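The values are calculated or read from the model by the stated rules, or taken from the named source; none is laboratory data. All values derive from a computational prediction rather than experimental measurement. Because the Cβ atoms are built from the backbone with ideal geometry, glycine has one as well, and the counts that use them run over all protein chains shown. Ligands, DNA and RNA are excluded from the accessible area calculation, which covers all protein heavy atoms including side chains. Shrake-Rupley method; radii C 1.70, N 1.55, O 1.52, S 1.80 Å.
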Amino acid sequence: MPNSDVVEALVTAINYDRFDQIQALHAPGVTFHSFRSPMLRDSVAVRDFHTELLQRYADCTYTEPEMAEDGDAVALRATIEAKGYDWRTFQQRVLDISRIEDGLIADRRLYGMVSGIELDRPAHAAMDAAAAFRGGSPRSTRRLVRGLYENLLAGEREAAAEALDDNITLIDSVYGVVSGTDAVLDLLEATPRPAFGYPRLTAVIAGDKNAAAEIAIDPARPRIADWVRIVEGKVMVIERHWMLREIGVNPFVEYSRDRHRRQVILPT
């Protein structure tokens, strides 16, 4: 089974609440980091995580899935559609990155955005342009994205700007949505960092026109995962997903409340 098929099977299992299949797709000793939970170390705990998630996120569905496969790694960008504690529908963007060994998920990291993010007109235009682009090659995408982040982390602003489209949009649900080269670079430079340690690029998973780039202070504690969209050899969109618990942001859309019970209203 190709690695992407394993991830597609996981999405199907999540969408149809197939908990046994969710567990079976993970290796017994899987390591799982999530924006909603502490680190988990076995497939039974992952099953329990999804059982609770699908109770909290009623009618949970992974929509608009996009994948990039690079060696044994698969990055899945999707939008979760679900119903919160008050049964109102909400959307939450996630980036789910897995490493596959012998047909099973051996390592998995689930990053997320704060739910309910809204995009302005320039951001929609950039997303539309990225969706319309037919794509290049994984090799060129990997080289472009790796070079961009190496320059960003080294503080080489001018070199980083050369990889960006003039109409680039950065979508960050925590620190803001901005468009334009200078605005994007300014926001990236202004994003708070921990008092100790330095951010480093830990992985780039490249497809034909999209790539996932992971950044961490400590590789054992995942922090940021960007979904990068390419148009004609330039970066058009950066969608920033966080390990929300890691940066102290409340990831619980239900705000820790109990779900309202549905009941029939009888005529008086």
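Points to keep in mind about this one:
- Residue list for segment 101-126, filter: open to solvent by 10 Å² or more (accessible area, probe 1.4 Å), closer than 18 Å to Ala9 by Cβ and either of a type in the set (Val, Ile, Thr) or not in a strand (DSSP E or B) (or both): Asp102, Gly103
- Among (1) closer than 26 Å to Pro65 by Cα; (2) in contact (Cβ under 8 Å) with a residue 60 or more places away in the chain; (3) surrounded by fewer than 19 Cβ atoms within 10 Å (Cβ to Cβ) - the single one Leu153 does not satisfy: (1)
- Of all residues making up segment 112-131, the number that are at pLDDT 95 or above and within 9 Å of Ser173 (Cβ to Cβ): 2
- Cβ pairs under 9 Å, 6+ apart, first in segment 116-132 and more than 14 Å from Lys234 (Cα to Cα), second open to solvent by less than 70 Å² (accessible area, probe 1.4 Å) and in a loop (DSSP other than H, G, I, E, B): Gly116/Ser173; Gly116/Val253; Ile117/Ser173; Pro122/Gly180
- When Thr63 is tested against the conditions (1) at pLDDT 95 or above; (2) of a type in the set (Ser, Thr, Tyr); (3) surrounded by 15 or more Cβ atoms within 10 Å (Cβ to Cβ), the lone failure is (3).
- Filter result for Val253 (at pLDDT below 95, under 28 Å from Val74 (Cα atoms) and surrounded by 18 or more Cβ atoms within 10 Å (Cβ to Cβ)): yes
- Segment 179-212: number of residues that are among the aliphatic types (A, V, I, L, M), open to solvent by less than 40 Å² (accessible area, probe 1.4 Å) and free of Cβ contacts under 8 Å to residues at least 40 places away in the same chain: 4
- Residue count for segment 195-210, restricted to those that are within 21 Å of the chain's Cα centre (by Cα) and over 18 Å from Val145 (Cβ atoms): 0
- Restricting attention to segment 178-202, the residues that are among the aliphatic types (A, V, I, L, M) and more than 19 Å from Ala160 (Cβ to Cβ) total 1.
- For segment 213-228, the tally of residues that are touching a residue at least 60 places away in the same chain (Cβ under 8 Å), aliphatic (A, V, I, L, M) and outside any strand (DSSP E or B) stands at 0.
- Test: Arg139 is over 25 Å from Gly176 (Cα atoms), open to solvent by 40 Å² or more (accessible area, probe 1.4 Å) and either free of Cβ contacts under 8 Å to residues at least 60 places away in the same chain or touching a Cys at 6+ places or on another chain (Cβ under 7 Å) (or both): no
- None of Phe49, Phe19, Phe32 is under 14 Å from Arg109 (Cα atoms) and in contact with a helix residue (DSSP H, G or I) (Cβ under 8 Å, 6 or more places away or on another chain) except Phe32.
- Residue match in segment 71-80 (condition: buried (at least 16 other Cβ atoms within 10 Å of the Cβ), of a type in the set (D, E, K, R) and under 16 Å from Ser173 (Cβ atoms)): yes
- Verdict on Tyr57 being more than 27 Å from Ala211 (Cα to Cα) and not basic (Lys, Arg): yes
- Selection count, segment 213-237, where residues are surrounded by fewer than 22 Cβ atoms within 10 Å (Cβ to Cβ), under 22 Å from Ser137 (Cβ atoms) and touching a Ser or Thr at 6+ places or on another chain (Cβ under 8 Å): 1
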